[in-house]
Amino acid sequence: MPPPPSLPDELIEEVFLRLPPDEPACLVRASLAGKPWLDLLSSPAFRGRYRDFHGAPPMLGFLYADTSDEHQGPASLLVANTSFLARSPSRDWEDSGYFPLDCHHGRVVLEDMANLPLRLVVWDPMTAGWTELEPRQYDSDVVTAAVLCAVSGCDHRACHEGPFRVVTLGLILDEGECYVDVCEYLSETGEWTEQGSFDLMEKLSINLSADLSIEPMPPVLIADTLYFMIRDDHNNRVGILGYDLGSHWLSAMAAPPKGRVRKGKAILMVMEDGCLGFAHLKRFTLYLWSSQMSSDGLAKWTRCRIIDLKEITPIQNTEKINLIKLIGSMERSDIIFVAADLGVYEINLESLRWKKVWNDQKIHALIPYMSFYNPQERVNMLHDTRPHSSSRKITSMDVLGVS
């Protein structure tokens, strides 16, 4: 009996296009079947079609920030909710402590808690890329940072190995006055550039005291603007800072709630239509707001939804819930994350379904790690002898990306 005819290459490609992006082991297993399939799955043409077919990159896992003093390496901060296995350089992490500040375009910026002056590190969990930025001495009382791809024209759905930029914001509090220092780092030059010091009290259109802090949450990115949330700890009120990456200009606006906002009860979001969103929790009632820029350049807030979380929670005895916090969101989606007494949950605001993603509820920020997967990067681990690669023996489980 003659062998069955082989499938046309075009049909094989159509099958591969439908492999789920949130289970990267499927792509890697297919690529290990032989060189022709590896070449196809790793080709720029297929990767471009694959990203176009699936749209936004999937969430392969998430980073978390908590208040514990435990020293830990970076890989332990990334919790995989798929078969993805984060990679980090080979070194002794026993005396190291890293705090995640932001994750955009496949990279993570970490604060090295074990060293002074402030030292920031940019880490690529997909490739184990590791860049320790030149340390800077800040005059600021509070510093936060964001990391972004610096490749012009990139679609930012699978950014790895290219140049990046880091933006830092620092608050300077001095006798009732408050200034924001902005600095930028470019990996292509390896240098920091001071972008200016802005008088925050002059810019704010709301009455906040000088007892301000930057919320320990990652900023959201809309077009070329990063948005950070600030808090008046004295009056329990919040405001929003917007930093334009093109003009290097800082703006400030009021958040929509007029009353007090307790810690852990508000987050910034990127709505599905690309607008800036704001979520505010008052007991078990979730208020969602969307902003539009008016002709005079001011943000106009519209309350778009009110959701009673008690009505949709899978937790049967809601009377026993003493704690519920907003801890993060997935950009350009209807997904938010909350921490309750029984763990961390993902809530789909469209279907109103809850999904438990972790048991530990003692975290105050959840930062999604979103990226498409390149099988060639994982297969290269078999022959990778670069200094930043893991020194332990590579197993088939590593190559498949299975944690």
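The values are calculated or read from the model by the stated rules, or taken from the named source; none is laboratory data. All values reported here derive from a predicted model rather than from experimental measurement. All Cβ positions, even for glycine, are placed from backbone atoms using ideal geometry, and neighbour counts span all protein chains on display.
The figures follow:
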item: Pairs, first acidic (Asp, Glu) in region 264-284, second in a loop (DSSP other than H, G, I, E, B), C-beta under 8 Å, six or more apart; result: 272/332; 272/333; 272/334
item: Considering residues of region 39-56 that are hydroxyl-bearing (Ser, Thr, Tyr) and surrounded by 16 or more Cβ atoms within 10 Å (Cβ to Cβ) only, the residue farthest from residue 82 (Cα to Cα); result: 42
item: Selection count, region 95-124, where residues are modelled with pLDDT under 90 and either in contact with a His (Cβ under 7 Å, 6 or more places away or on another chain) or of a type outside the set (Asp, Glu) (or both); result: 12
item: Residue satisfying condition, being in contact with a Leu (Cβ under 8 Å, 6 or more places away or on another chain) and either of a type in the set (Phe, Trp, Tyr) or within 17 Å of residue 328 (Cα to Cα) (or both), within set 288, 250; result: 288
item: Any hit, region 245-252, residues being part of a loop (DSSP other than H, G, I, E, B), within 30 Å of residue 193 (Cα to Cα) and without any contact (Cβ under 8 Å) to a residue 40 or more places away in the chain; result: yes
item: Top-ranked residue of region 18-29 - restricted to ones that are crowded, with 16+ Cβ neighbours inside 10 Å and not acidic (Asp, Glu), ranked as nearest to residue 157 (Cα to Cα); result: 21
item: Those strands (runs of 3 or more DSSP E) lying entirely in region 102-219 with at least 2 residues more than 18 Å from the chain's Cα centre (by Cα) and closer than 30 Å to residue 271 by Cβ; result: 164-174, 177-186, 191-199, 212-214
item: Candidates 193, 144 - the one that is modelled with pLDDT of 80 or more and out of contact with any Pro (no Cβ under 9 Å at 6 or more places or on another chain); result: 193
item: Count of residues meeting criterion [in contact with a Lys or Arg (Cβ under 8 Å, 6 or more places away or on another chain), surrounded by 15 or more Cβ atoms within 10 Å (Cβ to Cβ) and either among the charged types (D, E, K, R) or under 30 Å from residue 252 (Cβ atoms) (or both)] in region 125-167; result: 8
item: Residues located in region 1-33, provided they are under 22 Å from the mean Cα position of the chain (by Cα) and either at pLDDT 85 or above or at positive phi (or both); result: 20, 21
item: Those residues of region 1-17 which are in a loop (DSSP other than H, G, I, E, B) and surrounded by 10 or more Cβ atoms within 10 Å (Cβ to Cβ), in sequence order; result: 7
item: Residue 36 vs. criteria surrounded by fewer than 12 Cβ atoms within 10 Å (Cβ to Cβ) and modelled with pLDDT under 85; result: no
item: Residue within region 41-63 that is more than 21 Å from residue 126 (Cβ to Cβ) and modelled with pLDDT under 90 present; result: no
item: Scan of region 214-228 for residues that are surrounded by 23 or more Cβ atoms within 10 Å (Cβ to Cβ) and without any contact (Cβ under 8 Å) to a residue 40 or more places away in the chain, ordered by number; result: none
item: Among residues of region 236-262, those that are within 19 Å of residue 364 (Cα to Cα) and surrounded by 14 or more Cβ atoms within 10 Å (Cβ to Cβ), counted; result: 5
